[in-house]
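Engineer: Got a structure here, written out as structure tokens. Questions coming.
Rule-based calculations on the coordinates, nothing more; no lab input. Just so you know, these numbers come straight off a predicted model, no measurement behind them. When we count neighbours, we look across all protein chains shown, and the Cβ atoms used for this are built from the backbone with ideal geometry, even at glycine.
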Amino acid sequence: MSTAGKVIKCKAAVLWDLKKPFSIEEVEVAPPKAYEVRIKMVATGICRSDDHVVNGDFIVNLPVILGHEGAGIVESIGDGVTAVKPGDKVIPLCVPQCGECIVCKHPEANNCVKLGLTNPKGTMQDGTIRFSCKGKPIHHFAHTSTFSEYTVVDEISVVKIDAAAPLEKVCLVGCALSTGYGSAVKVAKVTPGSTCSVFGLGGVGLSVIIGCKAAGAARIIGVDINKDKFAKAEELGATECINPQDFQKPVHEVLKEMTGGGVDFSFEVIGQIDTLLEALSCCHEAFGVCVMVGATPSSENLSVNPRLLFTGRTWKGAILGGLKCKDSVPELVADIMANKIPLDLLITHALPFEKINEGFDLLRCGKSIRTVLKF
Ligand code: CND
Ligand code: ZN
Ligand code: ZN
């Protein structure tokens with residue numbers, strides 16, 4: 001019996017309060033309105049940004065259904081939707097691409113004006129909500145809310161992918177892979193023969209390494225305080241890895257010595273103020289480019305001596321690797337299917353969706369790269 005046009009009751013992981021475990025609840029998911037799409041989720045990754053919400057560093061409205069790195073199949077569509085149809089395999093996009101705004105029309109930018117990252121209301125574009133639980137509205141997150149068996153997204157926040165794509169893998173294109181790969185290739189524009197340093201070797205940092213290698217970097221130095229991350233980083237293309245705790249001096253000085261004055265491209269993929277400054281300082285003072293990838297706590301500021309930039313450094317940031325997602329996500333999926341991108345190496349754990357709290361524990365204790373939850 002078709003579920004189109006009806007409310008669907010299903011399981012979702014609801015975050016009722018900060019710093020509390022998710023609770024698996026029965027939620028009601030309203031049908032999609034005009035220009036909206038309801039998706040049956042098949043798999044979702046766990047990203048540190050979801051954890052930043054749980055611990056209060058990334059402020060959103062509660063209660064909320066998190067998750068922004070998923071893949072699924074379209075269950076039904078609202079009036080006017082032309083981009084996808086029921087049965088299509090899709091990836092929800094946490095950075096929408098409306099295609100019409102000043103940002104979408106800009107060749108270098110992707111922060112679509114419909115994104116509203118600086119004011120995350122936790123609603124659909126029309127300002128209303130499709131989730132409820134025990135009679136209470138539950139907020140959306142990042143236009144995606146993939147920690148639910150069914151989710152509703154705006155048409156500008158979803159893209160069709162190859163019907164043969166393995167969803168339990170390519171879900172990572174929804175965040176980690178796009179963010180890391182795009183940060184190297186599109187934001188930093190890593191050049192052949194260059195030297196790169198990558199601070200933070202989680203799912204996103206390792207995807208930066210994949211991008212640096214694809215762009216032809218000659219030397220890629222991984223930086224992490226967890227040595228267990230080094231082997232995988234080297235498998236993916238890091239030429240060496242260092243632990244800042246092994247040195248008496250600041251790691252930017254170590255990196256400058258290792259590279260004769262500083263790296264060409266540095267990436268902060270942790271989300272901390274101190275490492276952001278280290279990453280900026282370790283790139284060459286005359287031509288180095290530093291890209292901020294990690295999400296620092298919303299409330300924290302950084303004091304920087306402007307002389308760090310005076311001599312020629314470039315300091316940049318971007319969400320989702322600066323990629324226009326409707327264009328790039330299907331292309332990255334195709335590259336993965338053609339074995340041009342070793343995405344499998346990022347997935348260290350697979351768990352049933354109900355074990356979501358176990359998945360977060362694995363991330364917090366540094367044991368996992370990416371855990372994929374399967375519905
Ligand atoms: P994950 O937690 O898996 O990786 C972070 C890594 O940093 C771990 O390996 C840690 O051991 C390491 N680390 C922690 N502290 C230090 C330190 N002081 N020095 C060196 N290494 C350290 O996180 P992830 O890969 O899922 O995400 C990384 C960041 O990227 C995080 O802040 C997340 O919120 C952000 C992000 C940004 C975007 C974007 O659009 N720009 C998208 N998704 C995630
Ligand atoms: Zn736009
Ligand atoms: Zn993410």
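Engineer: Taking only the Cα atoms of the stretch 226-375, how large is their convex hull per residue, in Å³?
Structural biologist: 164 Å³
Engineer: Here is a further query. Given the options Pro137, Thr239, Ser368, identify the residue whose Cα lies farthest towards the positive end of the charge dipole of the chain (+1 on Cβ of Lys, Arg; -1 on Cβ of Asp, Glu).
Structural biologist: Checking the options against the dipole of the chain, the answer is Pro137.
Engineer: A further question follows. For Lys33 and Asn305 in the same chain, what is the full-extension length gain: residue separation times 0.36 nm, less their Cα-Cα distance, in nm?
Structural biologist: Here the answer is 92.9 nm.
Engineer: Want the number for Arg364 to Ala164: 0.36 nm per residue separation, take away the alpha-carbon distance, what's left?
Structural biologist: Working it through step by step, the gained length comes to 68.7 nm.
Engineer: Ok, one more. Compute the length gained on full extension between Lys374 and Lys9: take 0.36 nm times their separation in residues and subtract their Cα-Cα distance, giving the result in nm to one decimal.
Structural biologist: 129.6 nm
Engineer: To continue, here is another question. If each Cα of the chain is one equal point scatterer, what is log10 of I(q)/I(0) from the Debye formula at q = 0.07, 0.08, 0.11, 0.13 Å⁻¹?
Structural biologist: Here log10 of I(q) over I(0) equals -0.29, -0.38, -0.72, -1.00.
Engineer: Determine which lysines satisfy two conditions relative to Lys89: a Cα distance under 22 Å, and not lying fewer than 8 residues away in the same chain.
Structural biologist: Lys6, Lys9, Lys11, Lys33, Lys40, Lys160, Lys169, Lys324, Lys326, Lys340, Lys374
Engineer: Order of 188-195, 101-108, 216-223 by packing, highest average Cβ count within 10 Å first?
Structural biologist: Ranked from most to least packed, the peptides come out as 216-223, 188-195, 101-108.
Engineer: Starting with the highest mean, order 303-313, 144-154 by the number of other Cβ atoms within 10 Å, averaged over the residues of each peptide.
Structural biologist: 144-154, 303-313
Engineer: Hey, another quick one. Hey, if you put +1 on the Cβ of every Lys and Arg and -1 on every Asp and Glu Cβ in the chain, which of Cys290, Ala83, Cys101 ends up farthest toward the positive end of that dipole?
Structural biologist: Ala83
Engineer: Taking the Cα atoms only, what angle lies between the long axis of helix 325-337 and the longest principal axis of the chain, rounded to 10 degrees?
Structural biologist: Result, in degrees: 80.
Engineer: Using R₀ = 35 Å, calculate the FRET efficiency as 1/(1 + (r/R₀)^6) where r is the Cβ-Cβ separation of Ala83 and Asp228; round to 0.05.
Structural biologist: Taking R0 as 35 Å, the efficiency between Ala83 and Asp228 is 0.25.
Engineer: Sticking with this one: In whole Å and largest first, what semi-axes does the C-alpha gyration tensor of the stretch 32-122 yield when each eigenvalue is scaled by 5 and square-rooted?
Structural biologist: With the √(5λ) rule applied to the stretch 32-122, the semi-axes are 23, 20, 13 Å.
Engineer: If you plug each phi of the stretch 257-270 into the Karplus form 6.51 cos²θ - 1.76 cosθ + 1.60 with θ = phi - 60°, what whole-Hz ³J(HN,Hα) values come out, in order, with x for Gly and Pro?
Structural biologist: With the stated coefficients, the stretch 257-270 comes to 5, 5, 10, x, x, x, 7, 6, 9, 10, 9, 9, 10, 10 Hz.
Engineer: Using the scaling law 2.2 N^0.38 Å as the reference, what is the normalised Cα Rg of the stretch 76-172?
Structural biologist: My calculation over the Cα atoms of the stretch 76-172 gives 1.13.
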